[in-house]
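Just below is one structure, and these are the notes that go with it.
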Amino acid sequence: MTGTVRCAGLAVQRGGRPVLHEVNLTVTPGEWVSLVGPNGCGKTTLLHAMVGLVPFDGEVEVAGLTPARSPRRAVARAVALMPQRPVVPDGVTVRELIRLGRTPHIPRFGTETAHDDDVVDAVIARLGLGGLADRLATALSGGELQRVVLGRSLAQEPRVLLLDEPTSALDIGHQQQVLDLVDSMRRDAGITVIAAMHDLTAAAHYGERLVMMAQGQIVADGSAAEVLTAQRVSDVYGARVEVLGRPDGPAVVPLRGPGDVMEETMKDCARRGARTVVLGGVRSGKSRYAESLLDRADVTVVAAGAAADGDAEWASRVAEHRRRRPPAWVTVETTDVTSALREASGPVLIECLGTWLTARMDLHGVWDSGDLTAVEADVADLVSAWAACEQPVVAVSNEVGSGVVPASVSGRLFRDSLGRLNTVISDASETVVLMVAGQPLTVKGARTTGVAR
């Protein structure tokens, strides 16, 4: 039995909400892969899928077994999971808790053998837990308990070891000891290690390979040097960092403020008055990302397409967006975006240009006449006001194409008109961002970047 791990098209839903989608990953025997990514990106769910703890679609194979269909005892002999939040029974000593790791190897009606005792003793010694062996596990500190739970996983003698934040409760000395121990056992016994880790520097130093996740997907997979760039950490975590080269691998150093950043970020551009367009499909995260660029208190949000009487859907959408924004932000519903830009005395967020265009096409009767002359004049006026605006301004717009809008005369008119609008306003902007599955890719700006798979 090998320690290969393979996921193909893995998808997990919880409460009808996608948590993982289209995860494809192969880990070779004896490899250490560090899983990194922000809170809620799906790291823990991925580990749980690998041991069959959550239902999933797609394929998962771990150490030659399919966790969703293989006997639980067989999976437990091959795969050990060190959970982030362990459940510890009352009245159990440290030695007894570690001995539970031997359970998959003991016949159903059998008892522990001398070999089982030797394995437990060896784990206790290697983890430096001899002085705690007879203490109640519930009386330990968080860091001590974390070492004991790791000991239980190591006592399983697995082919694949899955670690969920293995050092989160440890001081720096014990972090190094635990990670060094896992690495030495990996090398000695050929164990495959997949560790979800928050410490990017530790993940880089111990992982032969880094897999970065965001929004339930793998967004980067490669060596630490390939994955951990300052721009990618900024894109995925929303953090300002400097990545330093070190003999053991990159070191990720947080930076205190924008003035310390080596390169300009898009948020800095927005603060200075640059014009930014954020493009994306429905539910791509474009609105939230656009809001994040304007972190000022005096923002005016232009809901670009006033509701017709009784348009409950529009009113609900505007109210939903307003609720999640800072309370000091002012929302104005209008189809006269051009005037709003010319009169702006502070930062402006336009939400969204596709809705504005639809309103102008309604006004000029384009759906019946097919004549875009008046609409094109409106677009020219809007772009002129956009280019002249001295305030920070961000606009959200849909990026649509064939198959997205109805294959009708009206659908083609809207698609082509919005395409032209996006083109001309992007030409008049300093920064253009395309949102793909919740991730921002800069397609125009100080540099061309992206989140690479």
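The values are calculated or read from the model by the stated rules, or taken from the named source; none is laboratory data. For clarity, every value in this text was computed on a predicted model and none was experimentally measured. Glycine gets a Cβ as well: all are built from the backbone with ideal geometry, and neighbour counts include every protein chain shown. Side chains included, ligands, DNA and RNA excluded: accessible areas come from the protein's heavy atoms. Shrake-Rupley method; radii C 1.70, N 1.55, O 1.52, S 1.80 Å.
Against the conditions (1) open to solvent by less than 40 Å² (accessible area, probe 1.4 Å); (2) at pLDDT below 90, where does LEU210 fall short? Just the number, please. Against the list (1) open to solvent by less than 40 Å² (accessible area, probe 1.4 Å); (2) at pLDDT below 90, LEU210 comes up short only on (2). Applying the set (1) assigned to a strand (DSSP E or B); (2) over 22 Å from the mean Cα position of the chain (by Cα) to ARG77 leaves exactly one unmet item: (1).
Considering each residue of the range 48-68 in turn, none proves to be on the phi > 0 side of the Ramachandran plot and of a type in the set (D, E, K, R). Looking across the range 181-195, the residues that are outside any loop (DSSP other than H, G, I, E, B) and either surrounded by fewer than 18 Cβ atoms within 10 Å (Cβ to Cβ) or not β-branched (Val, Ile, Thr) (or both) come down to LEU181, ASP183, SER184, MET185, ARG186, ARG187, ASP188, ALA189, ALA195. The single condition among (1) on the phi > 0 side of the Ramachandran plot; (2) out of contact with any helix residue (DSSP H, G or I) (no Cβ under 6 Å at 6 or more places or on another chain) that THR93 does not meet is (1). Looking only at residues in the range 220-261 that are closer than 19 Å to PRO440 by Cβ and part of a loop (DSSP other than H, G, I, E, B), the one that is modelled with the lowest pLDDT is VAL261.
Summed over the range 20-51, the residues that are part of a strand (DSSP E or B), open to solvent by 20 Å² or more (accessible area, probe 1.4 Å) and in contact (Cβ under 8 Å) with a residue 40 or more places away in the chain give a count of 3. Quick one: in the range 155-180, which of the residues that are touching a strand residue (DSSP E or B) at 6+ places or on another chain (Cβ under 8 Å) and open to solvent by 10 Å² or more (accessible area, probe 1.4 Å) is modelled with the highest pLDDT? Only one residue tops the list, namely ARG159. When the range 281-317 is limited to residues that are under 26 Å from LEU441 (Cα atoms), over 22 Å from the mean Cα position of the chain (by Cα) and outside any loop (DSSP other than H, G, I, E, B), the one that is modelled with the lowest pLDDT turns out to be ARG317. Only one of the numbered conditions (1) within 27 Å of MET50 (Cβ to Cβ); (2) of a type outside the set (Lys, Arg); (3) in a loop (DSSP other than H, G, I, E, B); (4) open to solvent by 70 Å² or more (accessible area, probe 1.4 Å) is not met by ASP90, and that is (1).
Residues in the range 196-207 that are under 16 Å from the mean Cα position of the chain (by Cα) and either open to solvent by less than 10 Å² (accessible area, probe 1.4 Å) or aromatic (Phe, Trp, Tyr) (or both): ALA196, MET197. Among the residues of the range 354-367, are any modelled with pLDDT of 85 or more, under 25 Å from VAL299 (Cα atoms) and among the basic types (Lys, Arg)? Yes, because at least one residue in the range 354-367 is modelled with pLDDT of 85 or more, under 25 Å from VAL299 (Cα atoms) and among the basic types (Lys, Arg).
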